[in-house]
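*Asks:* My questions all concern the structure below.
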Amino acid sequence: MSLSRTSAAYNVIYAVVLGTACAGILTAGSSLLAPYREANERADEIRDVLGILGVPFEPGASSADLIALFERNVQREQRGRLTLYRQVDADGRVRAVAVPLAGRGLWGPIRGWLALEPDLKTIRGITFQAPDETPGFGGEIMKAPFRDQFRGKTIYGPDGKPALRVTRGEGPTAPNEVHAVSGATLTSGKVDQILNDLVRQIAEETQADVR
Amino acid sequence: MSVDVVQLGGACPAGGPCGGKGWSTFVGGLWANNPITIQVLGICSALAVTGRLSNALVMGAALVFVTALSNLLLSLLRRTMPRGLRLVIEMTVISTFVIFFDQVLKAFYPSMSKELGPYVGLIITNCIVMGRAEAFALQNPPLVALVDGAANGMGYAAVLAAIGLVRELLAYGQVLGLTVLPEGWYPRNLLAAQAPGAFIVLGFLVGLFYLLRPRQVEADAAKAGGAP
């Protein structure tokens, strides 16, 4: 049977063959490159963790180098639903601990990291990724002026209960309080909620370690 | 046949691997019929990714790769292609090359992949690629189609590189991330880093191309006895 170039069968066969060939090439390429892509994704996360723990690394380092640096310096431990990332020095002493934070913001998800001193009480630093929050308002939680307030604060209130408050207003703050971003009351409220859920969880899972 | 290649330097000798059309096709894509400054296609990415020279160069490389190979493959397929599926086939072939390039970039150059964001994937809809496939690859033999694709890609890349160079220099005093105009001495002009800066630089460049080119076109048109 000879196929005419205008026949429906020719069209269908041509489309199927070309589509399959192209899909095959892309699938093969994608699976060959998958390990590199996964290493890059892992390196992105590692950059965040190393940054918040204060481990120095070269910004241009390759994904493989970053993963090696991470494995050398950081120990991971799962406690319930909480993952602790401990920075351990050459003598085996814990220098800092990072925990991931995640929750719902006003317009979309908020993710980030909270780093604690080895006492598991004092905050060493915090980062947020909130791509959906309004730039200039809720988006300000990602910037240094808001984040720097957290350094040296504690995740326990004066009554010894775990709490970390994001409060409105001006003036001095309690050791477990930071000022909200003005003009972003709703986003600040969400951050308050995320942080309080997180510190309660940390308190529950690490009670035995807190000195 | 609607191949709008401007002939330069009189008649080309017949024969050769491109049937005597290789050189004029090459010059057409790169200069005389440059896709950005003369045809004013592919402006979106030319404005979006030229804040830094390095971004412009990678984007240019992507377009050379995609336009050259899709032109070659589509020209090879042109005699067997069912007419009714022409555009679908073009899109499929172009998308395959674009997605492949995007995957390679993501795997080996993730920071650049992030810088360029969606613009690599958007090459699929770049008018230059589709335009060359439609206007050239389907009417010409594979080798000369390859030359046409590569030349148009290079024409795009050269213009992007020029815009990227000027913008990076004006905005940061740098070339490829290396400071050439010292910070204290050169006041940084962040307008050049923003979209309006891109429009202004591109505008000057289009003007420059027309300033240098029109006599050539008019002379050719007069010789051919038609409108340019």
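*Asks:* Rounded to whole Å and sorted largest first, what semi-axes of the equivalent ellipsoid does the C-alpha gyration tensor of chain A yield via the square root of 5 times each eigenvalue?
*Replies:* For chain A, the semi-axes come out at 46, 24, 15 Å.
*Asks:* List the residue ranges in chain B for DSSP H helices whose C-alpha atoms run 18 angstrom or more along the long axis and whose Kyte-Doolittle average is -0.5 or above.
*Replies:* Helices meeting the span and hydropathy rule in chain B are B:53-77, B:86-108, B:142-172, B:195-212.
*Asks:* Under 5 Å between amide hydrogens, which residues at least 5 positions from A:Arg165 or on another chain qualify, with H placed 1.01 Å from N in the peptide plane?
*Replies:* A:Glu177, A:Val178
*Asks:* When each pair of different Cα atoms in segment A:103-211 is counted once in the 1/r mean, what is the Kirkwood radius in angstroms, to one decimal?
*Replies:* After inverting the mean inverse Cα-Cα distance, the result is 14.0 Å.
*Asks:* Taking each residue in B:82-93, count the Cβ atoms of any other chain within 10 Å of its Cβ, then average. What number comes out?
*Replies:* 4
*Asks:* What list of ³J(HN,Hα) values in whole Hz, one per residue of segment B:25-30 in order, does the Karplus curve 6.51 cos²θ - 1.76 cosθ + 1.60 (θ = phi - 60°) give from phi, with Gly and Pro shown as x?
*Replies:* 5, 5, 5, x, x, 7
*Asks:* Sticking with this structure for a sec: Given the rule -39500 (n - 2.57) for each run of at least 4 DSSP H residues, summed and divided by the residues of chain B, what is its mean residue ellipticity at 222 nm, to the nearest 500 deg cm²/dmol?
*Replies:* After summing the helix terms and dividing by residue count, I get -19500 deg cm²/dmol.
*Asks:* OK, next. Just want the ordering: B:Thr50, B:Thr179, from fewest to most Cβ atoms lying within 10 Å of their own Cβ.
*Replies:* Least crowded to most crowded, the residues run B:Thr179, B:Thr50.
*Asks:* Right, something else. Kindly express, to the nearest 10 degrees and within the range 0 to 90, the angle between helix A:8-53's C-alpha long axis and the longest C-alpha principal axis of chain A.
*Replies:* Taking Cα atoms only, the helix is inclined about 20 degrees.
*Asks:* In chain A, what % of DSSP beta bridges are antiparallel (nearest 5)?
*Replies:* Of all bridge pairs located within chain A, approximately 90 percent are antiparallel.
*Asks:* Counting just the Cα atoms, what span does segment B:119-172 cover along each of its three principal axes? Round to the nearest Å and put the largest first.
*Replies:* Each principal axis gives a Cα extent; for segment B:119-172 these are 45, 21, 13 Å.
*Asks:* Using only the Cα atoms of chain B, build the gyration tensor, take square roots of its eigenvalues as a ≥ b ≥ c, and label the shape rounded, prolate or oblate: rounded if a/c is under 1.5, else prolate if a/b is larger than b/c, else oblate.
*Replies:* oblate
*Asks:* Let me ask something else about it. Specify which residue in the list B:Ser111, B:Ala68, B:Pro82 is farthest towards the positive end of the charge dipole of chain B, using unit charges on the beta carbon of Lys, Arg (+1) and Asp, Glu (-1), about the Cα centre.
*Replies:* Going by the Cα projections, it comes out as B:Pro82.
*Asks:* If every alpha-carbon in the protein assembly as shown counts as one equal scatterer, what log10 I(q)/I(0) does Debye give at q = 0.13 1/Å?
*Replies:* -1.17
*Asks:* While we're looking at this one, here's another question. Please list the non-local residues whose amide H lies under 5 Å from the amide H of A:Ala96, H modeled 1.01 Å from N, same-chain partners needing a gap of 5 or more.
*Replies:* A:Gln87
*Asks:* Once phi is turned into ³J(HN,Hα) by the Karplus curve 6.51 cos²θ - 1.76 cosθ + 1.60 with θ = phi - 60°, what whole-Hz value does each residue of segment A:189-204 show in order, with x for glycine and proline?
*Replies:* Coupling constants for segment A:189-204: x, 5, 4, 4, 5, 4, 5, 5, 4, 5, 5, 5, 5, 4, 4, 4 Hz.
*Asks:* Moving on to the next point. Rounded, prolate or oblate: which fits segment A:37-129 when a ≥ b ≥ c are the square roots of the eigenvalues of the alpha-carbon gyration tensor, with rounded for a/c under 1.5 and prolate only if a/b beats b/c?
*Replies:* Oblate.
*Asks:* Going down the table (A:Lys121/B:Lys114; A:Lys121/A:Lys190; A:Lys121/B:Lys106; B:Lys21/B:Lys106), which pairs top 29 Å between alpha carbons?
*Replies:* In this structure, A:Lys121/B:Lys114; A:Lys121/B:Lys106; B:Lys21/B:Lys106 exceed 29 Å between Cα atoms.
*Asks:* Next up: Could you give each residue of segment A:131-141 its phi-based ³J(HN,Hα) in whole Hz, using Karplus coefficients 6.51, -1.76, 1.60 with θ = phi - 60°, and x for Gly or Pro?
*Replies:* x, 8, 6, 4, x, x, 10, x, x, 5, 4
*Asks:* Which whole number in µm²/s is D for segment B:40-112 by Stokes-Einstein, with the Kirkwood Rh taken over Cα pairs at 37 °C and 0.692 mPa s?
*Replies:* In µm²/s, the coefficient is 239.
*Asks:* Show the residues, 5+ positions off or on another chain, whose built amide H is closer than 5 Å to the amide H of A:Gly105.
*Replies:* Amide H neighbours of A:Gly105: A:Ile110.
*Asks:* Then there's this: Between 0 and 90 degrees, rounded to the nearest ten: what's the tilt of helix A:63-73 against the longest Cα principal axis of chain A?
*Replies:* Tilt relative to chain A: about 30 degrees.
*Asks:* Across the residues of B:96-108, average count of Cβ atoms on other protein chains within 10 Å?
*Replies:* Counting other chains' Cβ atoms within 10 Å and averaging over B:96-108 gives 5.
FYI, it's all coordinate maths here, none of it is from the lab. These numbers were taken from a predicted model, which means no experiment stands behind them. When we count neighbours, we look across all protein chains shown, and the Cβ atoms used for this are built from the backbone with ideal geometry, even at glycine.
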